[in-house]
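J.: Here it is, the structure, as structure tokens.
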Amino acid sequence: MRCLYCGCEDSKVIDSRSADEGRTIRRRRECIGCGRRFTTYETIEETPVLVIKSNGNRQPYDIQKIKNVVIKACAKRPVPMAEIDALAERVTKQVYNSMEQEISSKDIGEMVMAELKSLDEVAYIRFASVYRSFKDISSFMEELQNMMNNKDKPKEE
């Protein structure tokens with residue numbers, strides 16, 4: 001790290017501590033050349049992920065949008081906010097771990113549905129009814145039937 005005062009490239013770290021809720025490291029440094037101290041910050045470089053909407057528009061990924069739709073799906077259900085936050089974090093991790101710079105809103109919707117299914121079945125059905133835009137009662141009943149059939153099957157380990 002180059003000193004701001006003398007331009008020397010040698011410095012030693014005097015103190016390091018976490019900042020910004022663990023997303024940044026603040027380092028206090030001392031220049032070997034002039035002995036003056038300065039502060040540097042180290043952060044993770046995040047590559048923005050764009051969401052491709054069904055109409056073709058692109059917009060930056062926003063975890064708050066995931067939280068908002070899950071909150072709506074979980075309205076009047078016994079789902080704590082901490083679990084909604086955790087669900088949104090898991091979906092966000094999946095989005096960023098895909099290593100893609102663009103992801104379709106359809107793929108994100110599928111991720112949310114998979115997470116909701118294990119969190120709360122009623123919230124899952126609410127979300128699915130809007131997300132899959134059931135055309136009639138029979139398509140809605142078909143989804144319910146699939147859910148019931150999968151619930152009856154024993155889980156293999």
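J.: Any idea what the dipole of the chain comes to, in debye rounded to 20, about its Cα centre with Lys/Arg Cβ at +1 and Asp/Glu Cβ at -1?
T.: In debye, rounded to 20, the chain gives about 580.
J.: Give the residue list of trypsin sites (Lys or Arg not before Pro) in region 1-102 that are DSSP loop and have at most 14 other beta-carbon atoms within 10 angstrom.
T.: Values: sites: Arg2, Lys12, Arg17, Arg23, Arg26, Arg27, Arg28, Arg29, Arg36, Arg37, Lys53, Arg58, Lys65, Lys67, Lys72, Lys76, Arg90, Lys93; in loops: Arg2, Arg23, Arg36, Lys53, Lys76.
Listed in order of number, the matching sites are Arg2, Arg23, Arg36, Lys53, Lys76.
J.: On each of the three principal axes of the Cα atoms of region 1-127, give max minus min coordinate, whole Å, ordered largest first.
T.: Reported extents, whole Å, longest axis first: 66, 35, 18.
J.: Can you tell me what the convex hull of the Cα atoms of region 5-50 projects to on average, as an area in nm²?
T.: For region 5-50, the mean projected area of the Cα convex hull comes to 4.3 nm².
J.: What's the local net charge at Leu4, with K and R +1, D and E -1, over the other residues with C-beta under 13 Å away?
T.: Numbers: positive: Arg2, Arg29, Arg36, Arg37; negative: Glu9, Glu30.
Summing Lys and Arg as +1 and Asp and Glu as -1 gives +2.
J.: Could you give log10 I(q)/I(0) at q = 0.21, 0.24 Å⁻¹ for region 53-126, computed by the Debye formula over C-alpha point scatterers of equal weight, without solvent?
T.: Those come out to -0.90, -1.12, one per q.
J.: Given charges of +1 on the Cβ of Lys and Arg and -1 on the Cβ of Asp and Glu, with all other atoms neutral, how large is the dipole of region 38-101 about its Cα centre, in debye to the nearest 20? Could the numbers behind the result be given before it?
T.: Details: 9 positive and 8 negative charges, 115 e Å.
With only Lys, Arg, Asp and Glu charged at Cβ, the dipole is about 560 debye.
Read-outs throughout are calculated quantities, based only on the coordinates presented, and are distinct from any laboratory measurement. These numbers come from a predicted model, not from an experiment. All Cβ positions, even for glycine, are placed from backbone atoms using ideal geometry, and neighbour counts span all protein chains on display.
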